[in-house]
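Notes for the one structure printed next.
Just so it is clear, none of the values below were taken in a lab; they were calculated from the coordinates. All values reported here derive from a predicted model rather than from experimental measurement. Cβ sites come from the backbone with ideal geometry, for glycine too, and all protein chains shown count toward neighbours.
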Amino acid sequence: MLPLLLGPSVLLIAVFVIAPAVYGIYLGFTNTQLTGFAARDPDFVGLDNYQNLLTSDEFLGSLGHTAQFVFFSAIIGQTILGMAAALLLRKKWLRGKGLFGAAILLPMVVPEVVASLTWASVLSPRDEGTFNRLIGLFGGASAAPLQEAPMLSIIIVNIWRGIALAMIMFQAALEDVPDELIEAARVDGAGAMRVFRYVTLPLIRGPVFLYLLLTTITTVGVFGLVYFLTQGGPGSATQLTSIYIYQHAFQYSQIGLGSAASVILLALLLVLGLTYVRLSKVEV
Amino acid sequence: MQRNRVFPAVTAAALAVGMLAACSDSDDGTSGPVTIKLLEYQQARADVVEKLIPRFESAMAEQGKDIQVELVTDPLTDDQFRTKITQQFHSGTAPDVVDMGGSHVTGFAGAGYLLQLDEYLNEWPTWEKYYSAVKQKAEQVDGHYYSLPHEASVQSLFYRKDVLEEMGIDTSQPQTWDELIGRLKKVTAETGKPSIVIPAGTAWGAGTWSEGFLPIVAGTDSTFYDREAGKWTLESDGLSATFDLYAELTKAGLLPTQALLNPNPWEPTKYKQFPEGTLPVAAQGTWGWRYDWGPNGAAPIKNVKDKVATWNYPALTPGGEPYSISGGGYNYGVNAETENPDAAVELVKWLSSDKAAAEQLTAIGAAAPHPGISDVEPYKSQPTLLDAEAKLEDSIVAPEGDGNTRVSQAVQSATESILLGKADGAEAASAFAQDAAELLGENLVAK
């Protein structure tokens with residue numbers, strides 16, 4: 001009975017997840033290309049792609065950019081601001097909670113392309129750009145944030161987009177924290193920060209690490225939001241590994257190399273994921 | 001019980017009808033109507049071709065051929081087109097005929113996505129008359145033809161004659177880049193703004209290669225691509241001089257670096273500042289006369305023929321002379337997997353001849369690839385295009401070969417590092433050589 005119940009999902013996973021992944025790993029060992037005369041007869045090249053990638057400044061640079069992007073936008077920005085928003089929404093004295101919650105949820109609801117185009121308009125280097133209009137009100141000269149501070153710009157955009165999920169997850173986790181424990185800590189003279197540090201946070205440790213795991217995986221995979229804004233530039237300033245893979249596999253047609261880069265990224269994510277799971281002792 | 005009998009009866013009937021339909025399809029397949037899908041990824045091209053299709057269908061009907069054409073219009077940038085059509089070719093879903101820039105053909109032909117057209121072309125009398133510069137550009141490294149060029153262009157430096165004359169700047173043909181830079185510095189000193197746009201950096205995509213870098217490096221004596229050996233030479237005096245030129249123009253504030261680093265860099269430069277007259281010189285192909293600045297172009301310039309003129313490229317290396325360069329043009333490629341190759345080739349030949357070609361060339365602003373169109377209206381009344389055609393016979397053909405998209409990628413990165421002020425000419429040349437060698441692999445690089 002059990003095989004019968006599991007069969008369809010196992011089949012679907014095998015066809016749509018495992019088979020492409022295995023094929024991707026195989027491609028990573030070949031010099032498969034989509035264009036050019038070399039595309040006619042792809043060869044098995046062993047670990048050449050991996051060797052090229054791990055000695056390529058461009059690829060290593062893209063890993064560095066990805067680490068920076070994930071750390072500052074997801075791990076620091078989204079988590080801290082999401083937690084702050086969740087804690088704020090628990091306050092009984094806060095008025096207009098619906099409006100506040102909706103404002104934070106809105107960036108998550110908006111499609112990726114719309115979000116990118118909106119920010120492209122906000123950060124436009126032209127005088128008509130929203131950002132430049134704002135600083136113009138205070139007498140400032142026009143700026144080009146996507147050229148002058150590209151990494152900071154995409155980090156801010158990603159924080160803006162990701163706070164909602166953090167807030168929802170932390171709100172749900174905070175619901176499970178018994179009010180009596182907080183009251184008792186307060187009676188003992190603990191301030192808000194100490195209550196959070198020694199009572200609330202240990203109790204929601206599991207969900208926090210689960211969120212960190214999820215946001216790390218999804219942020220490493222962020223592509224459209226950044227690609228539409230900067231296409232990885234200027235230069236390679238915002239060339240995340242996802243953009244590197246897209247450019248090499250599809251724009252430059254080096255599917256073999258792109259597949260190998262994807263496998264390296266997958267391996268790094270697995271290591272990160274296992275670390276989170278171990279730290280949180282969350283059962284996944 | 002009754003329902004049980006009805007079901008097999010309906011199934012049997014459906015099968016019988018299906019079999020009959022299948023038989024009837026196969027009977028019609030050989031002599032019935034043929035539908036050819038034609039892809040255009042530029043709106044202006046789609047607009048003109050759309051009007052020509054009914055005439056082609058009628059012409060074929062007169063010859064007793066029932067060929068229908070389905071136009072697929074998918075407006076995309078060059079890079080978007082290349083990425084998308086590559087996936088379509090690879091997955092076997094590409095249209096029968098694809099109209100594309102000549103620089104795309106090499107990669108697709110190499111991969112076997114395009115039909116070899118040698119036999120068809122040899123039997124077509126017009127092919128013999130094609131200008132040698134056009135034929136040479138269309139010939140692939142294996143010596144075969146995989147596309148039919150239906151237009152040609154000459155890459156030149158377009159300048160605002162009215163603006164420069166008003167400023168008292170010499171508008172005669174500059175003999176060397178030093179001479180031209182001297183003039184550009186005067187313009188920039190007076191306006192405080194950049195004075196020339198040459199595609200550079202990653203945001204301009206393939207244009208940085210075909211409209212920016214290649215026309216300059218091709219004018220030097222250095223061999224860049226050796227067709228016989230099928231290999232690229234990645235370090236040479238010509239390459240160094242070209243990167244030095246970009247660095248000099250950037251350092252002197254003559255190039256609009258900020259605009260070049262933004263997405264769609266052609267919009268503020270070619271579509272805004274050049275028409276305004278605030279950026280008076282632009283590296284540009286023949287299509288600038290119509291597609292960019294013509295009355296129905298992207299950014300019309302009123303009386304464009306009076307206000308704008310062209311220079312040949314000045315010499316970059318010692319002993320050189322000014323030259324014009326064949327910038328190539330669009331080609332029709334036929335999908336190697338098309339079920340109707342004869343009909344597809346019939347379509348591309350028809351579109352590349354006589355009135356149909358004249359109308360397309362005039363709408364886009366391209367020179368004719370063969371002499372048979374110069375007396376056909378409306379092309380006949382386009383002096384700027386006829387002038388470009390006249391230059392074709394003496395123009396230099398830029399060398400291109402297998403791996404050109406990867407060399408293009410390395411050029412984009414290296415010129416971007418100059419724009420960003422992160423590299424001088426020598427550093428950019430060195431980074432280019434290393435980057436391109438990695439991307440091309442040993443087999444395509446000369447030792």
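How big is the Cα convex hull of the stretch A:67-168 in projection, averaged over all directions, in nm²?
On the way: hull surface 30.5 nm².
Convex hull of Cα atoms, orientation-averaged projection: 7.6 nm².
Give the span of the stretch A:58-280's Cα atoms along each principal axis, as three whole-Å numbers ordered largest to smallest.
63, 49, 26
Given charges of +1 on the Cβ of Lys and Arg and -1 on the Cβ of Asp and Glu, with all other atoms neutral, how large is the dipole of the stretch A:58-280 about its Cα centre, in debye to the nearest 20?
Working: 13 positive and 11 negative charges, 86 e Å.
Charge dipole, the stretch A:58-280, about its Cα centre: 420 debye, nearest 20.
From the helices alone, meaning DSSP H stretches of at least four residues, give me the mean residue ellipticity at 222 nm for chain B, per-run term -39500 (n - 2.57), in deg cm²/dmol to the nearest 500. Spell out each step's value before the answer.
Values: 18 runs with 205 residues, N = 447.
Mean residue ellipticity at 222 nm (helix-derived): -14000 deg cm²/dmol.
If r is the Cβ-Cβ distance from A:Ala103 to A:Phe196 and R0 is 22 Å, what FRET efficiency results, to the nearest 0.05? Intermediate results must be reported in sequence, preceding the final value.
Working: r = 23 Å, r/R0 = 1.06.
The value I calculate is 0.40.
Take the eigenvalues of the Cα gyration tensor for the stretch B:82-218, scale each by 5, and report the square roots as semi-axes in whole Å, largest first.
Numbers: eigenvalues 310, 74, 28 Å².
Three semi-axes, in Å: 39, 19, 12.
With each pseudo-label sitting 7 Å past Cα toward Cβ, what's the B:Asp221-A:Ser121 distance in nm, one decimal?
Each label point is offset 7 Å from its Cα along the Cβ direction, giving 5.7 nm.
By how many nm would the segment from B:Val72 to B:Glu377 grow when fully extended, if each residue of separation counts as 0.36 nm and the alpha-carbon distance is taken off?
Working: separation 305, 0.36 × 305 = 109.80 nm, distance 2.70 nm.
Net length gain for the segment: 107.1 nm.
Rank these for me by crowding, A:Met83, A:Met169, going from fewest to most other beta carbons within 10 Å. Working shown, then result.
Values: A:Met83 24, A:Met169 21.
Result, fewest neighbours first: A:Met169, A:Met83.
Considering every pair of different Cα atoms, what Kirkwood radius, in Å, is found for the protein assembly as shown?
By the Kirkwood definition, the hydrodynamic radius is 29.2 Å.
Distance in nm between label sites at B:Gln258 and A:Tyr26, each 7 Å beyond Cα in the beta-carbon direction?
That separation, rounded to one decimal, is 5.3 nm.
Toward the positive end of the charge dipole of chain A, about the Cα centre and with charges on Cβ (Lys, Arg +1; Asp, Glu -1), which of A:Leu60, A:Pro3, A:Leu165 goes farthest?
A:Leu165
In which sequence would A:Ile182, A:Ile76 go, from the one with the fewest C-beta neighbours within 10 Å to the one with the most? Provide the component values of the computation, followed by the final result.
Working: A:Ile182 17, A:Ile76 13.
Taking fewest neighbouring Cβ atoms as first place, the list is A:Ile76, A:Ile182.
Based on other C-beta atoms within 10 Å, arrange A:Met108, A:Met167 from fewest to most.
Values: A:Met108 15, A:Met167 25.
Lowest to highest Cβ neighbour count: A:Met108, A:Met167.
Calculate, for B:Glu276 and B:Lys186, the FRET efficiency according to 1/(1 + (r/R0)^6) with r their C-beta to C-beta distance and R0 25 Å; round to the nearest 0.05.
Values: r = 19 Å, r/R0 = 0.76.
The value I calculate is 0.85.
So how strong a dipole does the protein assembly as shown carry about its Cα centre when Lys and Arg Cβ are +1 and Asp and Glu Cβ are -1, to the nearest 20 debye? Before the final figure, lay out each step's value.
Values: 49 positive and 78 negative charges, 734 e Å.
Computed charge dipole of the protein assembly as shown: roughly 3520 debye.
Report the paramagnetic label zone for A:Phe223: residues of the stretch A:150-187 whose backbone N is under 19 Å from a point 7 Å from Cα along the Cα-to-Cβ axis.
Under 19 Å, as judged by backbone N against the label point of A:Phe223, lie A:158 of the stretch A:150-187.
With no solvent and one point on each alpha carbon, what is the Debye value of log10 I(q)/I(0) for chain B at q = 0.09, 0.13 Å⁻¹?
Each listed q corresponds, in turn, to -0.60, -1.17.
Report the FRET efficiency, 1/(1 + (r/R0)^6), for A:Leu214 and B:Lys251, where r is their Cβ-Cβ distance and R0 is 41 Å, rounded to 0.05.
Numbers: r = 48 Å, r/R0 = 1.17.
Computed FRET efficiency for A:Leu214 and B:Lys251 comes out at 0.30.
Please work out how much length the chain gains when fully extended from A:Ile75 to A:Arg278, using 0.36 nm per residue of separation minus the C-alpha to C-alpha distance, in nm with one decimal. Mind dumping the intermediate values first?
On the way: separation 203, 0.36 × 203 = 73.08 nm, distance 1.71 nm.
Difference between extended and current length: 71.4 nm.
Dipole of the protein assembly as shown (Lys/Arg Cβ +1, Asp/Glu Cβ -1, origin at the Cα centre): which of A:Ala120, B:Pro371, B:Ala344 lies farthest to the positive side?
A:Ala120
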